[in-house]
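Written out below as structure tokens is the structure these notes cover.
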Amino acid sequence: MRGDSFISEDTLSGKAYDSRLARRLYKYLRPNMKLVVLGSLALLAGSGCQLIEPYLVKVGIDRYMLPGDVEGLVGLLWIYLAVALGDFVFGFAQAYITNYLGQRTMYDLRMDIFGHLQHLSLRYFDRNPVGRLVTRATGDVEVLNQLFSSGLVTVIGDLAMIVGIMAAMLLLDWKLALLTFSILPVLLVLTFIFRRKLREAFRLVRTRIARITAFLQEALSGMSVVQLFNQQEKTSARFAVLNTQNMDAHLKTVFYYALFYPLMELIGAVATAIILWYGGLQVMEGTLTFGVLVAFIQYTAKFFRPISDLSEKYNIFQAAAASSERIFELLDTRQIIPEADNPVRPGRVEGRVEFRDVHFGYNEDEPVLKGVSFVAEPGEKIAIVGSTGAGKTTIINLLSRFYDIQGGEITIDGTDIRKLSKKALRRNIGLALQDVFIFSGTVKSNIAPGENDPAMERVAMSARAIGADGFIRKLPGGYDHVLSERGSTLSTGQRQLLSFARVMYKSPRILVLDEATSSVDTHTEYAIQQALERLIAGRTSLVVAHRLSTIRHVDRILVMHHGRIVETGSHEQLLARRGIYFNLYQLQYKDQEPATPEA
Amino acid sequence: MPRMKQPESNGFWASVRPLGVYLQPHRKWFMVGLLFAFVTNALGMLPPLAIKLGIDSIESNRGTRLLLIAVAAVVVLKAVQGLFRFLMRRILIGISRRIEYRIRGDLFDHLQTLPMAFYQRSRIGDLLSRATNDLNEVRMLLGPAIMYTFQTFVTVLFAMPVMLYLDWRLTLLSFLPLVLVALTYNRIGSIIHDRSMAVQQQLSEITAKVQENLGGMRVIKSFTREEGEIEDFGALNREYLERNMSLVKVAGLLRPLMSLLAALSMLVVLGYGGLLIIRKTITVGDFAAFLMYLGMMYWPMVAIGFVLNIIQRGRASLGRIMELFSTTSEITEPPVPSPLVGDHTPVRGEISIRNLTFSYPGSRQPVLKNISLHIPAHGTLAVIGPVGCGKSTLLGLIPRLFNPPPGTLFVDGADVLDWPLKALRNSISCVPQDTFLFSVSIHDNLTYALEHDPGQETIRTVVRMAALEEDIEQFPDKLETLLGERGINLSGGQKQRAAIGRALMLDAPILLLDDCFSSVDTHTEDRILRALGNYSKGRTSVIVSHRISTIKHADQIVVLEDGRITQQGTHEQLLDQEGYYASLYEKQLLQEQIERIN
């Protein structure tokens, strides 16, 4: 039941076995081969115990009960108890080992997926919704778990059981055994037909439930439209159709199940009748013992479960094939920002940043930057302004090499950033983005992400330098206060200060900052401005500015318009030009004037 | 009409009583189903007796006639039993599916009566889960739980006497381990439940971690925190492994333990039964029959524990569904409709608002403060103001998405609260801010509110008015193109224009436009507005907008700030006043200027 929810209709490839996928999955199994062997052994031993039990009853009847040997019977009871305990111990061992095998393999697979995701380019994440990737690491892996823990080993077990029972019956009396086996073809055909019908019926059920869910999702989300246009009755009628279809699909499965169980029992009864009639005649003639007769009846009863189990396993294999295909597709994705062959690893850069005729688009045919060139000298503070969609944020993304450019060159201290090691590059750039990302963890670990045991002194010093120390100390637990992205307790201003402290801690030569547009109260605004001033002091800074006060503190302003730098200069120079900046200023910054205290 | 009633007390029967209404129409077939369950299980008692008869006849060597009868009886009995089992399953499980269908239909109908206030505070995912997962738990309670309980009951009822008759001491001794089966299953079942919950919880931790990680990928990369993230994930992953293994310790125990207990029963029968055979107290046939009865008792015993689990979950789910049924809407029909509104009086479309102060249900903060307005029939009112000023709220009160206070909002002189709800909403076409379209064809979206297809000509006119003709021309199946997941996805502007078309199609005396041009470019907006100018001559229109270009031709413009009317007049009058309107106008001019550069 649980497995069903993970299988989505469109992605079932239908194949239950694919040698290429099997080889790759085997790689995950190989380090745990010992477990596979142990699990199979436990399973075989357990099946053996189950097979012996009816035989012991036979021995009991023939050798001790009918001749009246009480002592022998007591001895047999001990053996029976030992076998039952063996069945218990081996059964548990098998369950434990196979599940452990499944869990280990899942653990490895999940680590590989997560680790792989860490190294993919942002371009990949732009195109693949987070929800889908999350399913790869959770739902799809879970489906494979079923394959390893209940599929693979138990199939061996079921087969062993069937072979074992048949062997036992043949050994006891081969003629009676062969006669009993005559029902096997009927049994197999019935099981086969039933499974196929049921699989179709369940596919129908899944489609119909999916339709109900989709309909409800839509109707409930658009309830205001339904009510505004008085469409309740029509909507009800449409839902009733889906609801009826769903019920009909379910009734079909009810029908098959209702038919299957009695038919299986009837076949069982026929088998018993054959044994009773033919065996009974032989007992009368003295060519067969009573014990064998009773043992045969018991073996037949045990015969049915592994056969119907086996066909059920087919579904697990099919689902697992689809899931592993999706997982390996993700693992095969090579969309990464390539590391140079002999990457340059400068310890600490001077901080000269140059964009030379940079062309870039998130989609190749939709250019966002159309030949951007500028130089930021070490320690120079530059503001980038422009209306939305002008390409300001893109400049920031490119410098950290979240994306690779399609034309031109970006250099730091004269070296193309594509020749630098990614680690070294990013270590030298401090990044503070508009919507501040908070990791689940303590305030301390949020200020020093990536360090296992950050020095408290340096953390506190960074926070103090930014002016975040005050509010952090007021949090319960201070620097050890635990934050989480979901249900975060920090205000917008506090989050902003925290991200500044993060950069302060890192203390890079180059600072890249996307100022938050959201309005905060005057007091917080002032605090953020103070922090910003301290943050940009002495660093090469690129600031996407939304605040007039920020613009006034920089050395130079770049005005972007439709992917190009159209004006550059100081605030006063640009105002005097009465160009785009002048208009932007009137539109975006003029209102801020009274709210911002002059520095 | 919802048919479920909330129970008054908390007992077991009280908690499942709401289901009584649904079971009622099926009671005759339900009884038949139970009768068949009775027959099925009663018949199940006979084959072992037939086998016993057969073995006994072999043992006493009394010829083959009796053996033949026994053999035939086994097959015939199973066949008849199979027929009854088939009917029983179809009837009992079938009824549970039919009831599930009824409850789901009723639940949906009920949800459709609930007001917007309800949808604002509920999560769709939660409602969905109640209408699907919870309902399935309730169905399990109605179908399988009842069926298995009855089966266990009948099996024990019949097998016990037969077994007791065969040998009562043997019966009592062999039953001891079997009782343990039921007890253990229930006990272990609850431990398994707890540990599964712990596993699920850790799985959602892992899910959340991956989600958070992918969301913060930029920060992670810029702080080169990838390795640390992998380490953190590893810790969660390891914990998940451990929780799973702690579940396996118990869950893996279940089946072997059940087998062991069954084997203990077997051991008793083997030892004590063997002794009885040696003493000639019972025959080998008795012994074989006894073994078979014992086997028959095994599953019903397991079922007791299983059923207890289903019942617990079913009751909890029923409670969650009942919670929805007991939520009622305050947007109700008036007890006495206003005499001013009749079936045959045409709606003129005069709207007046008198001293309207409104706050959302459950909040004390008024969103609209002391609003008074009069819109004569066929007039146009425009409302403009900053985000959160109450514009959309004001618009939503007219079709009663929320109830205005009594005596504050009138259409054609009658309080909207005294209008029959359907008549009121039928006289209003509305383009809501959130332009929700359904995943059907464009044609069906446009004619959504109509009873009959309006014909090619009307559709073409509306499509032209909403400036959709070029877009539709480019769609693969033109008007029949499907929207949504299985069709094409419209751009924001196309969506808004389709929503406008849907409203125009209704041809109602009152037209409400809630900021429906925000994603439409100014040029297209201009085209639509000019077309609308003609259309709305005989209609009353209320337009909410952020853009001055949208509204400057309105008869009357109102500036709403923080829920109050701060400015009122025509475009020209407002431009002459110092205030929000004039400053917004200036800004929008500048913006156009910047756009024009290049």
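None of the figures in this text is laboratory data; all of them are computed from the coordinates on show. These numbers come from a predicted model, not from an experiment. No Cβ is skipped: glycine too gets one built from the backbone with ideal geometry, and neighbour counts run over all protein chains shown.
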What is chain A's relative contact order, in percent, from Cα pairs under 8 angstrom and six or more apart in sequence?
-> 15 percent
State the dimensionless ratio Rg/Rh of the protein assembly as shown (Rg: radius of gyration of Cα atoms; Rh: Kirkwood radius).
-> 1.06
When you look at the Cβ of every residue in B:283-290, what mean number of other chain Cβ atoms sits within 10 Å?
-> 3
Count neighbours as other Cβ atoms within 10 Å of each site's Cβ, and list the trypsin sites (Lys or Arg not before Pro) in the stretch B:72-117 that are DSSP loop with at most 12 such neighbours.
-> none
Radius of gyration and Dmax for the stretch A:436-507's Cα atoms, expressed in Å?
-> 10.6, 29
Diffusion coefficient, µm² s⁻¹, Stokes-Einstein with Kirkwood Rh over alpha-carbon pairs of the stretch A:19-332 at 25 °C and 0.890 mPa s | 102 µm²/s
Listed by chain and number, the aspartates and glutamates with an alpha carbon less than 19 angstrom from that of residue B:369, same-chain partners under 8 positions apart left out, are B:415, B:561, B:562
How much FRET efficiency would the formula 1/(1 + (r/R0)^6) give for residue A:333 and residue A:423, where r is the Cβ-Cβ distance and R0 is 30 Å, rounded to 0.05?
-> 0.90
What does the average come to when, for each residue of peptide B:114-127, you count the partner chain Cβ atoms lying within 10 Å of its Cβ?
-> 2
Computed label-point distance, nm, for sites residue B:197 and residue B:507 using a 7 Å Cα→Cβ extension | 6.0 nm
Just name one of A:131, A:177, A:273: the one whose Cα is farthest towards the positive end of the charge dipole of the stretch A:19-332 (beta-carbon charges, Lys/Arg +1, Asp/Glu -1).
-> A:131
GluC sites (Glu not before Pro) lying in DSSP loop within the stretch B:251-355, provided at most 13 other Cβ fall within 10 Å = B:330
Where does the charge balance sit around residue A:112 when Lys and Arg score +1, Asp and Glu -1, over other residues with C-beta under 12 Å from its C-beta?
-> +2
Where in the stretch B:425-446 is the amide nitrogen less than 18 Å from a point lying 7 Å along the Cα-to-Cβ axis of residue B:333?
-> B:425-427
Under a cut-off of 13 Å between alpha-carbon atoms, report the aspartates and glutamates in cross-link reach of residue A:252, not counting same-chain residues fewer than 8 places apart.
-> A:200
Work out how much length residue B:13 to residue B:255 would gain on full extension: take 0.36 nm times their residue separation and subtract the Cα-Cα distance, in nm to one decimal.
-> 83.9 nm
Which of the helices in chain A, when you take each full DSSP H run, stretch at least 20 Å along the axis at their Cα atoms and have an average Kyte-Doolittle score of -0.5 or higher?
-> A:33-59, A:70-118, A:153-172, A:184-221, A:232-274, A:290-332, A:492-506, A:522-536
Over the stretch B:434-507, what relative contact order in percent results from Cα pairs under 8 Å that are six or more residues apart?
-> 53 percent
Could you give the longest part of chain A that holds none of the trypsin sites (Lys or Arg not before Pro) found in DSSP loops with at most 12 neighbouring Cβ atoms within 10 Å?
-> A:16-333
With a ≥ b ≥ c the root eigenvalues of the C-alpha gyration tensor of the stretch B:434-507, is it rounded (a/c under 1.5), prolate (a/b larger than b/c) or oblate?
-> rounded
Violations at 29 Å Cα threshold for listed pairs A:34/A:197; A:58/A:197; A:381/B:221; A:381/A:423; B:221/B:587; A:474/B:209 -> A:34/A:197; A:58/A:197; B:221/B:587
Qualifying GluC sites (Glu not before Pro) in the stretch B:476-545, DSSP loop, other Cβ atoms within 10 Å at most 14 | B:485
Based on the Kirkwood radius over alpha-carbon pairs, what value in µm²/s does the Stokes-Einstein equation return for the translational diffusion coefficient of the stretch B:298-441 at 20 °C and 1.002 mPa s?
-> 114 µm²/s
Taking each residue of B:249-256 in turn, how many C-beta atoms of other protein chains fall within 10 Å of its C-beta, and what is the average?
-> 5
When the charge dipole of the protein assembly as shown is computed with +1 on Lys and Arg Cβ and -1 on Asp and Glu Cβ about the Cα centre, the Cα farthest towards its positive end, among B:32, B:288, B:458, belongs to B:288
In nm, the gap between the two label points placed 7 Å beyond Cα toward Cβ at residue A:524 and residue B:359 is 2.4 nm
What is the calculated FRET efficiency for residue B:464 to residue A:237, with r their C-beta to C-beta distance and R₀ = 25 Å, to the nearest 0.05?
-> 0.20
Determine which lysines satisfy two conditions relative to residue B:537: a Cα distance under 20 Å, and not lying fewer than 8 residues away in the same chain.
-> B:552
When the label point is put 7 Å from the Cα of residue B:186 along its Cα-to-beta-carbon vector, which residues of the stretch B:299-328 have a backbone N closer than 20 Å?
-> B:299-317
Spin-label point model (7 Å from Cα, Cβ direction): what's the residue A:203 to residue B:66 distance in nm?
-> 5.5 nm
The relative contact order of chain B, taking Cα pairs under 8 Å that sit 6 or more residues apart, comes to a percentage of 14 percent
If you stretched the chain out fully between residue A:413 and residue A:287, how much longer would it get, using 0.36 nm times the residue separation minus the C-alpha to C-alpha distance?
-> 35.4 nm
What percent of all Cα-Cα pairs in chain A falls in each 20 Å bin, counting up from 0?
-> 15, 32, 27, 17, 9, 1, 0
Along its principal axes, what span do the Cα atoms of the stretch B:25-177 show, with the longest given first and each in whole Å?
-> 83, 33, 24
Report the net charge of residues surrounding residue B:154, where surrounding means a beta-carbon distance below 15 angstrom and charges are Lys +1, Arg +1, Asp -1, Glu -1.
-> +2
Extension reserve of the residue A:537-residue A:71 stretch, reckoned as 0.36 nm per residue once the Cα distance is removed = 158.0 nm
Compute the FRET efficiency between residue B:316 and residue B:530 as 1/(1 + (r/R0)^6), taking r as their Cβ-Cβ distance and R0 = 56 Å, and round to the nearest 0.05.
-> 0.40
Evaluate the Kirkwood expression for the hydrodynamic radius of the stretch A:124-219, namely the inverse of the mean inverse distance over all pairs of different C-alpha atoms, and round to one decimal in Å.
-> 18.2 Å
In deg cm²/dmol, rounded to the nearest 500, the helical mean residue ellipticity at 222 nm of the protein assembly as shown, built from -39500 (n - 2.57) for every DSSP H run of length 4 or more, is -19500 deg cm²/dmol
Environment charge of residue A:49, counting only residues whose C-beta is closer than 15 Å and scoring Lys/Arg +1, Asp/Glu -1 | 0
